[in-house]
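A short worksheet on the structure shown next.
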């Protein structure tokens, strides 16, 4: 495998949109490196250019200048088809609002990323079921996606994002439509993907509450992309959440996180050291 | 770096084994398999049952109307052809002479025709205007001195008696028209009866007449055939050739393929003979019916036009409804051509299913109408069964191909639009 430290390198990236009477610079020239196995949060106010940056990273929006290099592959030097193939194989996507192929059941919807990289149904379905089991929503497999609650949809979409075992999970405001219970559940799932599955998480959010969870932060404001002053390792709050996530009584984990939030980190667990193992060097 | 991998997990959701599988999975194929696209198209059609059903019904009506009307046209064409041409071999050229005194059809002409390329057989006949004596009265008739090839080519239907055998010099074959003239209702009654055949010497006769007086012979009726509406009798030509008749009244030239008829005819006509072929008649019949069939297909085409509009409407609505779905597929890694194919498969499924059902229903309807027509004709005295509907396999295959092509044409625009959907715009947050 690739031993590079960074999974994504953004070099001199610029994006402007040409409108009839003016040109909007959505992203001003910037360079970034997203470390492998990081929990990267891109934050900034609405309309700041976060989504444009994310679209450039996912290979959906060709930048006006500069390049996006994913594991030494320059995304925009690839043909459209190759780039589509790259997305299917390397990225797991979670959106704020979930979209589904309405005619397929949950299991087959989770199969879609596998289908797109060439799997046949009988090959894809066991893997999709496995992914649903990981997120603990395998009981929804035969349902139509439209009957699920928003929280369930978001969890299924997590299964869909990780079914092809991509290196990078990209989450665009994944908690934006959720209440805090479901939001925290999704956040702990994202964290577990990073810690347990060695995924690199790139999350876009305007919710500053989640910032402490990150290991790497990028802020976008009026098209200016800057790396935040990086702390070493996880913040104390993150450790707290991780610790709860990996507490022995995992049925209570979500409740614990909620309690944790409401009581403002008063409860202490004895097994906090586990989280420290995951700290960045 | 990752020590957690070896630690005991409390969470039952997370399998530690997963940690070992860090490389991405490979299916061995790069892009979506067409079977998966087909499955997705099919599921989408099933998902929108009512709309799919209505669209298919439209195609069924359109295709069904075309198939019904065209097979009616083809059936009529077949009935007419059978009536006019009968079982005559179409690949024959009938050679006669318009100037019997100078241009003669004789043994030399027969051997000459035989040597032409693509000619497989040559048959010759004498024919004479004659009087037939039966029960003290004479009937005018034409007597043929034929050979078995001639009879084979003419394809007459045996009505009574033994197998048609022309080789016996003492026997004669009569036709049903002759029986009608002499007033015999049961064809079996005449079998074995002796007829007196008299051929009068006539200067205007096309045949070079070797006898000084009339030719007269008593012949026994061996069988009865159906050969047409004029009185005709057939006997062995040896009877005439041994006496010294040299000129034939007609020669039939058999050509191996109908495409070669024109060339052989040209060759024969260059020797100043007159030619005629059932192919001419057939061509005229086909000409008339090809126009009729086009008119019938055009009438059915009106229904098809409406079906096409229905299909276009369905596909366009499907496109508009699924903008976000398509945006999702593209963002997850579908290629433009995958999206296009998704729509193309849907369109082909719609039109092909409609076509199959339409063809089957048209066949059933044709069968029903034909049964009704045959029964009606039977009650009016037509004893023979007939079929005014003819749905050959090639028509079914053409119609299927036509339906698929229509599907492809109709889907071209929606598919192109679908493949151009920008996932960013489609999935943009409000």
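Here, each number is a calculation from the coordinates, and none is a lab measurement. Note that this is a predicted model, so its numbers are computed, not measured. A quick note on method: Cβ atoms are made from the backbone with ideal geometry, for glycine too, and the neighbour counts reach across all protein chains shown.
Over the range A:1-146, what relative contact order in percent results from Cα pairs under 8 Å that are six or more residues apart?
Dividing the mean separation by the residue count of the range A:1-146 yields 19 percent.
As I understand it, the value is the acute angle between the Cα axis of helix B:323-332 and the longest principal axis of the Cα atoms of chain B; what does it come to in degrees, rounded to 10?
70 degrees
Evaluate E = 1/(1 + (r/R0)^6) for residue B:186 and residue B:281, where r is the Cβ-Cβ distance and R0 equals 22 Å; express this FRET efficiency to the nearest 0.05.
Efficiency, rounded to the nearest 0.05: 0.10.
As a check on your grasp of the helix formula, calculate [θ] at 222 nm for chain B: sum -39500 (n - 2.57) over DSSP H runs of n ≥ 4, divide by the residue count, round to the nearest 500.
The helix contribution divided over chain B gives -17000 deg cm²/dmol.
Full-extension gain between residue B:413 and residue B:226, please, as 0.36 nm times their residue separation minus the C-alpha to C-alpha distance.
Computed gain between residue B:413 and residue B:226 is 61.2 nm.
Please work out whether chain B counts as rounded, prolate or oblate from its C-alpha gyration tensor, where a ≥ b ≥ c are the square roots of the eigenvalues and a/c under 1.5 means rounded, while otherwise a/b larger than b/c means prolate and anything else oblate?
prolate
Once you put a point 7 Å from the Cα of residue B:260 and another 7 Å from the Cα of residue B:214, both along the Cβ direction, what distance in nm separates them?
4.5 nm
Partner chain Cβ atoms within 10 Å, averaged over the residues of B:247-260 - can you pull that number for me?
For peptide B:247-260, the averaged partner shielding equals 0.
Counting only other chains, and only Cβ atoms inside 10 Å, what mean value do you get across the residues of A:191-203?
Values: counts 0, 4, 1, 0, 5, 11, 7, 7, 1, 0, 0, 0, 0.
If you average over the peptide's residues, the count of other-chain Cβ atoms is 3.
Starting with the highest mean, order B:317-327, A:13-23, B:95-105 by the number of other Cβ atoms within 10 Å, averaged over the residues of each peptide.
The most tightly packed comes first, giving B:317-327, B:95-105, A:13-23.
Can you sort A:87, B:380 so the residue with the fewest Cβ neighbours within 10 Å comes first?
Fewest-to-most Cβ neighbours within 10 Å comes out as B:380, A:87.
With axes computed from alpha carbons, what is the tilt in degrees of helix B:34-47 against the longest principal axis of chain B, rounded to the nearest 10 within 0 to 90?
On a 0 to 90 degree scale, this one is about 90.
The range B:246-267 to the range A:20-63: how many Å between their Cα centroids?
Rounded to whole Å, the Cα centres lie 85 Å apart.
Quick one: order B:399, B:32, B:308 by neighbouring beta-carbon count within 10 Å, fewest to most.
With the fewest neighbours first, B:399, B:32, B:308 line up as B:308, B:399, B:32.
Which value, to two decimals, describes the C-alpha radius of gyration of the range A:92-182 once divided by 2.2 N^0.38 Å?
In units of the 2.2 N^0.38 Å rule of thumb, it is 0.99.
Is the shape of the range A:12-103 rounded, prolate or oblate, going by the alpha carbon gyration tensor and its root eigenvalues a ≥ b ≥ c, with a/c under 1.5 for rounded and a/b larger than b/c for prolate?
rounded
Name the shape class, rounded, prolate or oblate, that the alpha-carbon gyration tensor gives for the protein assembly as shown, where a ≥ b ≥ c are the square roots of its eigenvalues, rounded holds for a/c under 1.5, and otherwise prolate holds if a/b is larger than b/c and oblate otherwise.
prolate
With an 8 Å Cα cut-off and a minimum separation of 6 or more residues, compute the relative contact order for chain B in percent.
Details: 675 pairs, mean separation 120.5, N = 430.
Worked out over chain B, it gives 28 percent.
Roughly what angle does helix B:49-84 make with the longest principal axis of chain B, taking Cα atoms, 0 to 90 degrees, to the nearest 10?
Between helix and principal axis, roughly 10 degrees.
List B:400, A:203 from most exposed to least, where exposure is judged by having the fewest other Cβ atoms within 10 Å.
B:400, A:203
Which length gain, in nm to one decimal place, applies between residue B:108 and residue B:288 when the Cα-Cα distance is subtracted from 0.36 nm times their residue separation?
Once the chain is fully extended between residue B:108 and residue B:288, it gains 60.9 nm.
Taking each residue in B:34-40, count the Cβ atoms of any other chain within 10 Å of its Cβ, then average. What number comes out?
Numbers: counts 0, 3, 11, 1, 0, 5, 6.
Across B:34-40, the average partner-chain Cβ count within 10 Å equals 4.
For chain B, what proportion of DSSP beta bridges, expressed in % and rounded to the nearest 5, is antiparallel?
Counting only bridges with both partners in chain B, antiparallel ones make up about 80 percent.
Only residues of the range B:142-181 count here: report those whose backbone N is under 14 Å from the spot 7 Å along Cα→Cβ of residue B:241, or say none.
B:145-151, B:166-169
Using a simple spin-label model with points 7 Å from Cα along the Cα→Cβ vector, what separation in nm is obtained for residue B:200 and residue A:67?
Those two pseudo-labels are separated by 11.0 nm.
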